[in-house]
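The structure appears below as structure tokens.
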Amino acid sequence: MRIHHAVSRIGCFLIKKSTRDAFRSCRSLHSTVPVRSVELTKVRYPNLKRGPFSVLKDTDVQFFERLLSGAGRVLADASEIEGYNTDWLKTCRGCSELVLRPKTTEEVSAILNYCNTRRLAVVPQGGNTGLVGGSVPVFDEVVVSTQLLNKIISLDELSGTLVCQSGCVLGNLEEYIADYNLTIPLDLGAKGSCHIGGNIATNAGGVRLLRYGSLHGSILGVEAVLPNGEILDCMSTLRKDNTGYDLKQLFIGSEGTLGIVTAASVLCPQKPSAVSVAFLGCESFAKVLDIYKEAKGMLAEILSAYEFLDEASVSVNKENLKMSSPIGDYPFFVLIETSGSNGDHDEEKLNTFLEAMMSKGLVTDGTVVTESLKIKDIWSLRERVAEGLLHDGYCYKYDVSLPQSKFYNLVEDMRERLGASVIRVVGYGHVGDGNLHLNMTSPTYSSEVMSNIEPFVYEWVSKYNGSISAEHGLGFKKRNFIHHSKSKSAVSLMKQLKKSIDPNGIMNPYKVLPDD
């Protein structure tokens, strides 16, 4: 057994060119929108009341400056912390006056112990790529950034277990373990910026969930700091450990409301030696589902992703990002990825599948690619839709789980409901795991449009026993709609857990749980 120990930092500034190029356009778009033009969250939601927390004093800043010595670790200048106060979509903006950047678990422990004693509210923040306002302040909470918690601790090449700090960028972890013929069981459009700790905190899904399952199965252990500063060591690297409560699961999807994840052990599968992608055009969403049913049978063990885009989604990329499609215009598009150990076998299998789908009249047109650059181009059509939508102005984003038979009906109903009040309504997402990304855009934020969307969209999802959040979490935006997906008793127990672990309520307040 070979275990590699590493002390290398793999923060944002060491991203390799291949990863950096893939996300340059998306991040530059974010950075060019004036932060100060974003309305403060406390102004947009005037009925929201600040919790019973202390106000930051000079003595508090002085304590943190003594604790975190070195340049750039305590940020208090308004120009330095603007980006930490605003979410990636530019829809939420807090007014924090302090950002802390610890490097060790012990420093995080000291920070939370002090904040808990002083009753200073805290917001944990990773790459700040979330879409529901969960990683930015609502009022003046202290931001604890994991940017400098960016060390790889060890890699067991035989078991595929990676141990790292929570601030490691997902794309950098992927590049690191690729040298050992392994892959991360999670792939997101934001992988060039998001942190593994944030992925854990939100139980991020992504396009590989169909193949590798959720993080509840891939995360073998976590180290977390509780609100009182106590360090919780659940850093198992074992696949089997049936001793008592599985406490790490509490932190997967908790969105920073129970503590701060500082390190994790991740089970990394073998990297496929061959990847092929098919991009197909079809005439109806019913055919999208029929193709998926056939793919499960004919592609079986090599099927790794099954995504769909409607015509409106592809049009966003063409109009706003000047991208092109490798096939003609169709009402619906399907992206299928296969991965395995024999490229010739997989490509032949995929081509046979495509021929069968065309002969059955399910597919009108399609292409199969195996070259890495062409695969990247096709995946970009799917992954850059969110970026393209931002060019329209304001984007109303919804991430829901639904029975596949009802999957696209929501998009159609929203188009009919909103009509000309929005620029467009688009639907795309992970058909394989029932996750729809529903997006509407308007030139600027409109309370009238919002009132026509919410709570209608949540009531619609609840009617068909879906989930109002498939992979983005509840954060700030969705917390008061949790009852559409969780029972009263379940929410009550969540509140009891929160109160037990965080009696002062300092950890990421105004998030996940509904207002009292």
Mind checking which lysines have their C-alpha under 27 Å from Lys49, skipping anything on the same chain fewer than 8 residues away? Lys57, Lys90, Lys397, Lys477, Lys478, Lys486, Lys488, Lys495, Lys498, Lys499, Lys511
Share of alpha-carbon pairs per 5 Å distance bin for the stretch 341-422, given as whole %: 3, 10, 12, 15, 17, 16, 14, 8, 4, 1, 0
Any chance you could look up the accessible area of Met358 with a 1.4 Å probe, heavy atoms only, rounded to 10 Å²? 80
At 1.4 Å probe size, with every protein chain present, just tell me what the per residue accessible area of the chain comes to in Å². 42
Which residues in the stretch 77-103 place their backbone N less than 16 Å from a point set 7 Å from the Cα of Val55 along the Cα-to-Cβ direction? 95-98
Can you divide the C-alpha Rg of the stretch 212-270 by 2.2 N^0.38 Å and report the result to two decimal places? 1.10
What one gets for the stretch 450-516 as the Kirkwood radius, inverse of mean 1/r over different Cα pairs in Å, is 12.8
For the stretch 321-367, projected area of the alpha-carbon convex hull averaged over all directions, nm²: 4.3
Evaluated at 10 °C and 1.306 mPa s, the Stokes-Einstein D of the stretch 294-350 based on the Kirkwood radius over Cα pairs, in µm²/s, stands at 122
Given charges at Cβ of Lys, Arg, Asp, Glu: the chain dipole, positive-most of Met440, Ser276, Thr117: Thr117
Which percent of the accessible area of the stretch 374-495 is formed by carbon and sulfur heavy atoms (probe 1.4 angstrom)? 48
Nearest 20 debye, what's the magnitude of the dipole of the stretch 56-184 about its Cα centre given +1 on Lys and Arg Cβ and -1 on Asp and Glu Cβ? 340
Output needed: percent of Cα pairs per 10 Å distance bin for the chain, bins running from 0 to the one holding the longest distance. 4, 19, 30, 27, 16, 4, 1, 0
Extreme residue, positive dipole direction of the chain, given options Tyr292, Ile506, Thr352 (C-beta unit charges): Ile506
Carbon plus sulfur, as percent of the 1.4 Å-probe accessible area of the stretch 80-154, comes to 44
Only Lys, Arg (+1) and Asp, Glu (-1) charged, at Cβ; the stretch 186-297 dipole about Cα centre in debye: 440
Fraction of alpha-carbon pairs in the stretch 279-407 farther than 24 Å apart, rounded to whole percent, equals 30
Counting only protein heavy atoms and using a 1.4 Å probe, what share of the accessible area of the stretch 196-293 belongs to carbon plus sulfur, as a whole percent? 52
At a probe size of 1.4 Å, how large is the accessible area of Thr129, to the nearest 10 Å²? 30
Which value, in Å² rounded to 10, gives the accessible area of Asp344 with a 1.4 Å probe and all protein chains present? 120
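The values are calculated or read from the model by the stated rules, or taken from the named source; none is laboratory data. What you are looking at is a predicted structure, and each value in this text was computed from that prediction instead of being measured. No Cβ is skipped: glycine too gets one built from the backbone with ideal geometry, and neighbour counts run over all protein chains shown. Heavy atoms of the whole protein, side chains included, go into the accessibility calculation; ligands, DNA and RNA do not. Shrake-Rupley method; radii C 1.70, N 1.55, O 1.52, S 1.80 Å.
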